[in-house]
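The values are calculated or read from the model by the stated rules, or taken from the named source; none is laboratory data. Predicted model, so just to flag it, every value in this text is computed and none were measured. All Cβ positions, even for glycine, are placed from backbone atoms using ideal geometry, and neighbour counts span all protein chains on display.
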Ligand code: C2E
Ligand code: MG
Ligand code: MG
Ligand code: MG
């Protein structure tokens, strides 16, 4: 009896140990299925030139239309996707969606000459061997489309392996893609690292934007980031603009491009197309 009890005890111990692993496995197989069943899609958050009011681009943000749980946001499934590596396939899938959407917007003459679409990439993706080959294939198919795509990588992902990262970004840029540092300012990157990274765009993290009002520290920080961007010949994009006061503060310190709930929430592709149709070339949205 003692032997059997011991075995059961061992089994219980194992079960509790692997609970988390089971959870991970079931969620990750759900995600694999989601890719096969095409349950993933993107919303687009428009980006505006806040000095002129024109739509200058949009960021694609992934969502999961789950068969039983309904619409899931990135915070509900990207962590598991990162842990299991499925993020690499998700990013491929999203990239393909965005490429085709941009092609369509261009064919229908809905966007201006300098309109750009941004896609988020996981750091894992940056170091996957397949990335460059994949990007090359799209570039060869339609360089006029890929020339208007921006790849966003977080500061944290870039800084972990700086040398390899610089090399990857150089290769990506040779194909005509632009590269943005996402969530800029909250990571660990030094100005020395920033100087070495061959990026085009800094996306100022929304934590700074949310603190923008006259005389605040965040005002000074945002102004400094804009100055750094100008000195390094980079574009700056303000993320997470939620109020009129924040918008005015950004305008007065000379920020051009911004996105945020106050300007527009992320919206469906169809709603975005409607927005673009209503703002025919040259007209002002804001
Ligand atoms: P992110 O790239 O920094 O995207 C901005 C996030 O802020 C989005 O959240 C957006 O909906 C939200 N946001 C926009 N304006 C405002 C605002 O005014 N206030 C506030 N509080 N939030 C605002 P979302 O869609 O939940 O995405 C979260 C993160 O998930 C993204 O942060 C990005 O890191 C990641 N992500 C999204 N799509 C993809 C993807 O296709 N691939 C990868 N690898 N990551 C993705
Ligand atoms: Mg982003
Ligand atoms: Mg961001
Ligand atoms: Mg973010």
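From the list 234, 226, which residue is at pLDDT 95 or above, more than 13 Å from ligand 3 (Cβ to nearest atom), within 21 Å of the chain's Cα centre (by Cα) and closer than 29 Å to residue 140 by Cβ? Even if it seems obvious, please write down each step before you answer.
Numbers: 226 fails: closer than 29 Å to residue 140 by Cβ.
That would be 234, the only listed residue that is at pLDDT 95 or above, more than 13 Å from ligand 3 (Cβ to nearest atom), within 21 Å of the chain's Cα centre (by Cα) and closer than 29 Å to residue 140 by Cβ.
Here is the figure for region 42-60: residues that are in contact with a helix residue (DSSP H, G or I) (Cβ under 7 Å, 6 or more places away or on another chain) and closer than 15 Å to residue 93 by Cα total 2.
Identify, please: which residue in region 259-274 is within 16 Å of ligand 3 (Cβ to nearest atom) and either touching a strand residue (DSSP E or B) at 6+ places or on another chain (Cβ under 8 Å) or in contact (Cβ under 8 Å) with a residue 24 or more places away in the chain (or both) and is, among those, farthest from residue 64 (Cα to Cα)? For region 259-274, the residue satisfying everything is 263. Put simply, of 118, 112 the only residue that is in contact (Cβ under 8 Å) with a residue 24 or more places away in the chain and within 15 Å of ligand 1 (Cβ to nearest atom) is 118. Is there a residue being under 18 Å from residue 91 (Cβ atoms), in contact with a helix residue (DSSP H, G or I) (Cβ under 8 Å, 6 or more places away or on another chain) and within 16 Å of ligand 4 (Cβ to nearest atom) anywhere in region 157-174? Scanning region 157-174 turns up at least one residue that is under 18 Å from residue 91 (Cβ atoms), in contact with a helix residue (DSSP H, G or I) (Cβ under 8 Å, 6 or more places away or on another chain) and within 16 Å of ligand 4 (Cβ to nearest atom).
Scanning region 160-199 for residues that are surrounded by fewer than 17 Cβ atoms within 10 Å (Cβ to Cβ), part of a helix (DSSP H, G or I) and in contact with a strand residue (DSSP E or B) (Cβ under 8 Å, 6 or more places away or on another chain) yields one hit, 173.
Is it the case that some residue within region 130-149 is within 16 Å of ligand 4 (Cβ to nearest atom), outside any helix (DSSP H, G or I) and buried (at least 21 other Cβ atoms within 10 Å of the Cβ)? Don't jump to the end; show me each part of the working.
Kept after step one, since they are within 16 Å of ligand 4 (Cβ to nearest atom), are these residues of region 130-149: none.
For region 130-149, residues within 16 Å of ligand 4 (Cβ to nearest atom), outside any helix (DSSP H, G or I) and buried (at least 21 other Cβ atoms within 10 Å of the Cβ): absent.
Checking each residue in region 58-68 for being within 15 Å of residue 43 (Cβ to Cβ), away from ligand 1 (no atom under 11 Å from the Cβ) and surrounded by fewer than 23 Cβ atoms within 10 Å (Cβ to Cβ) picks out only 65. Reported count of residues in region 96-129, each being part of a helix (DSSP H, G or I), at pLDDT 95 or above and either surrounded by 19 or more Cβ atoms within 10 Å (Cβ to Cβ) or touching a strand residue (DSSP E or B) at 6+ places or on another chain (Cβ under 8 Å) (or both), is 6. Only residues that are free of Cβ contacts under 8 Å to residues at least 12 places away in the same chain and not in a strand (DSSP E or B) were counted across region 47-77, and they come to 4.
Scanning region 209-223 for residues that are part of a helix (DSSP H, G or I) and over 18 Å from the mean Cα position of the chain (by Cα) gives 217, 218, 219, 220, 221, 222, 223.
Among the residues of region 237-258, how many are within 17 Å of residue 49 (Cβ to Cβ), more than 10 Å from ligand 1 (Cβ to nearest atom), touching a residue at least 24 places away in the same chain (Cβ under 8 Å) and over 18 Å from the mean Cα position of the chain (by Cα)? Qualifying residue count, region 237-258: 8. Considered as a group, the residues in region 237-258 that are within 16 Å of ligand 3 (Cβ to nearest atom) and part of a loop (DSSP other than H, G, I, E, B) include one that is nearest to residue 178 (Cα to Cα), and that residue is 239. Close contacts from region 198-219, counting a first residue that is more than 21 Å from residue 156 (Cα to Cα) and a second that is within 13 Å of ligand 1 (Cβ to nearest atom) and assigned to a loop (DSSP other than H, G, I, E, B), with Cβ to Cβ under 6 Å and a gap of 6+ residues or different chains, come to 219/212.
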